[in-house]
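J.: Encoded as structure tokens, here's the structure I'll be asking about.
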Amino acid sequence: MPGIEPLQPSRKPTIAPATGASPTALRLVLGAQLRRMSAEAGITPDVAATRIRCSTAKISRMETGHSPCKERDAADLLALYGVTDPEQTAEFIDLVRKAGERGWWRSYADVLPDWFEPLVGLEEAAASIRTYESHYIPGLLQTWDYAHAVVRSGHALEPEETTRRRVELRMKRQELLSRSDAPKLWVLLDEAVLMRPTGGARVMSEQLTHLLDMTELPHVIVQVAPFEVTAHTSPGNGITYLRFAMSQLPDVAYIEHLTNATSVNKQESTDEYRWILDSLSAQSPSPVASRKLLRQALERYS
């Protein structure tokens, strides 16, 4: 049975290099650096807000990675926090600049909800992605036709061109699994997903064939969580748990709701969601046994 990757060892805090990660992830790193420096300097959010002529809410959004930081504001905050080393300052400003760049997904802003954008950005920087799905195959493993059926089920009245754009975005996200540094993807599927004929028999047959093919990749693991397991342990909503190679980034749990989502990165919260995923995985058939269940499901649609 595969095990979850160990936490990154603690390291002495430094200014993080602004390379090798998406702007979304870098904003989280930037926010963590700002929180650390303000705490070490004993500067309150009110004082920081006054210094850069903004609200305390904006300081909070920057420190949590939800808003970008302007270079001028960063320079003022560094001075306020007592950071005077030219090399540190230059590295931090470079981090600010890269954290403010547009990710490729911004070209799909017309079909990308604000609440979903953070997940797309964090996927790009993740070293491992664990996900539990109770309704559909995860987007990272969907075929075009299956994705089209899923999107239409939730947006039946929208123009076909909009649906096509949504599916195209989903296919674009999948490219990260083909990278040389692809994240490890560990999927837990509720058995109900295999029983639900999304898109009809042909679409399901193609989807399950694709899913089986993807499990041949060394960095993709799929387990099927049977009804007798999910009846007692299922969290009800989809969960995506992301871990990063960058030591400055905490684990992030992303919880889906009907029309929005919630992300948490405080350890007491992420530990709870990790426990749920660990419990589901421990009680479910192994990846090898799950492949047999996938083949049996495929036979029903063939």
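Computed from the coordinates by the stated procedures, all read-outs in this text should not be read as laboratory data. All values reported here derive from a predicted model rather than from experimental measurement. Don't worry about glycine lacking a Cβ; one is built from the backbone with ideal geometry, like all the others, and counts go over all protein chains shown.
J.: List the residues whose amide H sits under 5 Å from the amide H of residue 184, counting only those 5 or more places along or on another chain, with H placed 1.01 Å from N in the peptide plane.
T.: 128, 129
J.: Which residues make up the longest stretch of the chain clear of GluC sites (Glu not before Pro) that lie in a DSSP loop with no more than 12 other Cβ atoms within 10 Å, not counting the sites?
T.: Between exposed loop sites, the widest span is 102-215.
J.: List, in the order given, every pair from 184/266; 98/266; 98/172; 184/292; 172/292; 58/266 whose Cα-Cα distance in the structure shown is over 26 Å.
T.: 172/292
J.: With springs connecting C-alpha atoms under 10 Å apart, model the chain as a Gaussian network and identify which of 75, 147, 41 has the largest mean-square fluctuation.
T.: Its mean-square fluctuation being the largest, the pick is 41.
J.: Output wanted: per-residue J couplings in Hz (rounded whole) for segment 183-188, from phi through Karplus 6.51 cos²θ - 1.76 cosθ + 1.60, θ = phi - 60°, x for Gly and Pro.
T.: Listing the rounded values in order: x, 6, 10, 10, 10, 10 Hz.
J.: Still on this structure, please answer the following. Roughly what % of Cα-Cα distances in segment 207-249 sit above 15 Å, to the whole percent?
T.: Cα-Cα pairs of segment 207-249 separated by over 15 Å account for 66 percent.
J.: In a Gaussian network model over the chain where Cα atoms closer than 10 Å are linked, find which of 240, 270, 44 has the largest mean-square fluctuation.
T.: Fluctuation is largest for 44.
J.: Let me ask something else. What is the antiparallel percent of DSSP beta bridges lying wholly in segment 108-301, to the nearest 5?
T.: Given both bridge residues lie in segment 108-301, the antiparallel proportion sits at roughly 55 percent.
J.: Based on the alpha-carbon gyration tensor of segment 23-101 and its eigenvalue square roots a ≥ b ≥ c, which shape applies: rounded if a/c is under 1.5, prolate if not and a/b is larger than b/c, or oblate?
T.: Oblate, because a/c is 1.5 or more while a/b does not exceed b/c.
J.: Given springs between every Cα pair under 10 Å in a Gaussian network model of the chain, which of 200, 121, 31 has the largest fluctuation?
T.: Most flexible of the set in this elastic network: 200.
J.: Tell me which trypsin sites (Lys or Arg not before Pro) from segment 91-177 have a DSSP coil assignment and no more than 13 other beta carbons within 10 Å of their own.
T.: For trypsin sites (Lys or Arg not before Pro) across segment 91-177 that sit outside H, G, I, E and B with at most 13 neighbouring Cβ atoms in 10 Å, the list reads 102.
J.: What are the ³J(HN,Hα) couplings of segment 24-36, residue after residue, when phi is run through the Karplus curve with 6.51, -1.76, 1.60 and θ = phi - 60°? Round to Hz, x for glycine and proline.
T.: 4, 5, 5, 5, 5, 4, 4, x, 4, 5, 5, 4, 5
J.: Each residue of segment 104-112 in turn: what ³J(HN,Hα) in whole Hz from Karplus with 6.51, -1.76, 1.60 and θ = phi - 60°, glycine and Pro shown as x?
T.: Ordered by residue, 3J(HN,Hα) equals 4, 5, 5, 6, 10, 4, 5, 10, 10 Hz.
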